[in-house]
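Asker: Before anything else, here's the structure in question.
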Amino acid sequence: MNPKNQKIVIIGAPGSGKTSVIEMLIQKGYDCFPEISREVTLEARKEGIDQLFLHDPILFSTKLIAGRLKQYEDAKSKNLVFFDRGLPDVVAYHHYLKTDYPPSFDTICQENPYDVVFVLPPWKAIYTSDSVRYESFEQAKKIHENLMQTYQRFSMTPQPVPFGEVVERVAFIEQQLA
């Protein structure tokens, strides 16, 4: 694979290990863009809104789309870059919740594809919830299904990353990109 301007997204349901994989990729010297939903959620909490996604899904999603689109644009100057979640994740969550969203979200996803999509499947052994991750493991499995369907709808085929230690998962990703 030619690493020039390769945009690689790591997707998966909440608690599937994405952030740990991204953190190890950063340690190995790769350019990575972090997940921004926690940042948006914590920012809303400062304004007195406990769960912005539940309170105002469109506002939350608009902030996510804007932040992820900025990451996508910033990545154009890099040769190989990883993203912790991508633009289609926003659409997938709306499908999961069966909520409407602006048609512009679909357009943004179609116009800004990722070169490679790795998916970390739901993994009960490592799943935990916290004050920001409120979904149950059963809900995480449904979110996973919506992520798979959404990326495929935008002509991207997620490649499953096997369960294993973080170092093994990162090695798998690197082997696939070699």
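Asker: If you rank PHE118, PHE154 by fewest surrounding Cβ atoms within 10 Å, what's the result?
Answerer: In increasing order of surrounding Cβ atoms, one gets PHE154, PHE118.
Asker: I've got another one for you. Among the lysines in the chain, how many pairs, 8 or more places apart or on different chains, have alpha carbons under 18 Å apart?
Answerer: 18
Asker: Something else: Of PHE105, THR62, ASN5, which is farthest on the positive side of the dipole of the chain, counting Cα position, with +1 on Lys and Arg Cβ, -1 on Asp and Glu Cβ, and the Cα centre as origin?
Answerer: Of the options given, the answer is ASN5.
Asker: OK, next. Rounded to the nearest 0.05, what FRET efficiency do GLN176 and LEU69 have when you use their Cβ-Cβ distance and R0 = 22 Å?
Answerer: Approximately 0.30, to the nearest 0.05.
Asker: Sum -39500 (n - 2.57) across every DSSP H segment of at least 4 residues in the chain, then divide by the residue count to get the 222 nm mean residue ellipticity, nearest 500.
Answerer: Roughly -15500 deg cm²/dmol at 222 nm, from the helical runs in the chain.
Only the coordinates and a few stated rules stand behind these numbers; no lab work does. This is a predicted model, so every value here is computed, not measured. Glycine also receives a Cβ, built like all others from the backbone with ideal geometry; neighbour counts cover every protein chain displayed.
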